[in-house]
Amino acid sequence: MGIIGKLKGELVDIIEWIDDSRSTLAWRFPRYNNEIKNGAELIVREGQQAVFVYRGQLADRFGPGHYQLTTENLPLLSTLQGWKHGFNSPFRSEVYFINTRPVTDLRWGTANPVTVRDPDFTMVQVRANGLCVVRVAEPDIFLREVIGTDSEVDVAEISELLRRVITLAFSDMVMETGLGVIDLQGRQVELSQKLRDFVAERVDDEFGLSIDSITMNISLPDEITSAMTRGVARGVEEGGFLNNVGDLGRYQQGRAADAMLAAAQNPGGGAMGDMMSAGMGVALGSQMAGQFGGQAQQANAAAPQGPPPLPGAVTFHIDNGGQPAGPYTVAQLQGAVASGQFTGATLVWTQGMPGWAQAASVPALAGLFATPPPIPTTTPTV
C-alpha cells in the first residue's frame with residue numbers, strides 16, 4: 001500500500017459493521033496494520049458486539065452504542081499496551097464484530113437412522129429432523145474456539161458441527177427416556193425441549209453458542225406408520241394394540257387377519273367372496289377375537305351378514321387353514337367348489353359325525369365333487 005493509502009487508513013476514524021446478510025456470525029474490521037486513530041468513533045449496532053484483540057489476547061468488549069475510543073474506555077487495551085498517560089495516534093488492535101442475533105433457519109437431520117429398543121416391536125430404526133435456532137451467547141469463547149484467525153465466520157461453518165452434536169444428543173436422549181417409538185412420536189413437542197437441553201449443554205461452554213429452541217419431527221418405518229393409520233392399529237392410544245402385539249411376528253399376523261376381514265366385507269369378489277359374505281365374517285370374527293380381543297369383533301359386527309340357515313338344513317364346519325370356519329350350507333359350499341376354494345380333500349364336520357373327514361367322503365357332500373358322465377353321441381337318422 002502507498003503512502004496515500006496508509007494515511008487514509010490512519011485517518012479513517014469510524015469503525016462500524018453494516019451487515020445485511022444475517023448469515024455472517026463474525027467479521028474482522030479491516031485496517032492497514034490494524035492501526036486505529038486516537039479518538040476514533042466506534043459504532044456498535046443492535047444485535048452486535050465489538051471485541052478488541054491485541055496480539056492474540058482478548059481486551060475490551062463493547063455492546064450496542066456509539067463510543068469514542070480513548071484511554072478511559074479502553075482499560076484492558078491500555079493495560080496490555082502499557083499506556084500510563086494516554087496514547088499517541090495511531091494504536092494497533094484487531095477489532096472483531098460478533099453477530100448476536102439468532103439464526104433461525106439452521107436445518108438438521110439424522111444422516112443415519114437411530115435404533116430404538118421398543119417394548120412392542122423389539123428393535124426399530126427411526127429418523128428425525130427439524131429446525132434449530134442458535135445464536136452467539138459468549139463472544140469471548142466463540143472468538144477463541146471458533147473464529148481463531150479467520151477474518152469472517154459464516155453460519156455454514158458451524159452448521160455441520162451443530163448437526164453432528166444434535167444427532168448424537170438425539171440418540172442419547174432416546175436411550176435415556178426409554179420410550180417406545182409410538183410414544184416418541186406422540187410426545188415430540190415435549191421431547192423437543194428435552195433435546196434442546198441436551199444440545200445446549202454441549203455447545204455453551206465449548207463454543208459460546210446458545211440454543212434458543214429446537215423443533216423435532218420423528219419419522220417411523222413405513223410398516224409401523226401404515227399399521228397406525230389402518231384399522232389394525234385402532235385403540236393404540238388406549239393400549240389395545242400395544243397389549244395384543246408383542247413383536248413384529250404378531251404384527252404380521254394382524255395384517256393377514258385384517259386382509260381376511262376385508263375379503264369378508266367384499267361379497268362381489270367371486271365365489272369365495274359370496275361364501276364369506278354369507279357366513280365367514282362370523283368365523284373370522286371368532287378367530288380374530290382370539291388374537292386381537294374385542295377389536296376384530298367390533299369390525300366384524302359392522303360387516304353385512306347373510307341370512308341364517310333354514311331350520312332343519314344341514315350345515316358343515318370346514319377347515320380354514322387350521323382353524324374351524326362356518327357353519328355353511330351345502331348351497332354355500334357348492335359355490336366355493338366352482339371357484340376351487342372348497343375341494344373334496346377339505347376337512348369338514350357336522351353334528352352327528354364322530355370327527356373331521358374329507359368332504360368327498362361325506363354322502364351329503366359327495367355329489368358336489370362327482371364328475372358328470374360324458375354326453376352321449378347320437379347317430380343322425382337318414
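Each value in this text was obtained by applying a stated rule to the coordinates, not by laboratory testing. Here the structure is a predicted model, which is why all the values come from computation and not from measurement. Every residue, glycine as well, gets a Cβ built from its backbone with ideal geometry; the counts of neighbours run over all protein chains shown.
Values computed for the structure shown
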{"quantity": "Most to least packed among 131-138, 26-33, 105-112 [average Cβ atoms within 10 Å]", "calculated": "131-138, 26-33, 105-112"}
{"quantity": "Full-extension gain in nm, residue 21 to residue 206, via 0.36 nm per residue minus C-alpha separation", "calculated": "64.0 nm"}
{"quantity": "Karplus-derived HN-Hα couplings along the stretch 189-206 (A = 6.51, B = -1.76, C = 1.60, θ = phi - 60°), whole Hz, x at Gly and Pro", "calculated": "5, 5, 6, 4, 5, 5, 5, 4, 5, 4, 6, 4, 6, 9, 10, 6, 6, 7"}
{"quantity": "Cα→Cβ-extended label distance, 7 Å offset, between residue 61 and residue 115, nm", "calculated": "4.4"}
{"quantity": "Förster radius 30 Å - calculated FRET efficiency between residue 164 and residue 189, Cβ distance, rounded to 0.05", "calculated": "0.80"}
{"quantity": "Extension gain from residue 313 to residue 197, taking 0.36 nm per residue of separation minus the Cα-Cα distance", "calculated": "34.5 nm"}
{"quantity": "Rel. contact order, % - alpha carbon contacts under 8 angstrom, at least six apart, the stretch 103-224", "calculated": "38"}
{"quantity": "Pair residue 366, residue 334: separation of 7 Å Cα→Cβ label points (nm)", "calculated": "1.8"}
{"quantity": "Simple label model, 7 Å out from Cα along Cβ direction - residue 151 to residue 226, nm", "calculated": "5.8"}
{"quantity": "Whole-Hz couplings from phi, Karplus 6.51/-1.76/1.60, listed for the stretch 134-147; x for Gly and Pro", "calculated": "10, 8, 7, 9, 10, x, 4, 5, 4, 5, 6, 8, 10, 6"}
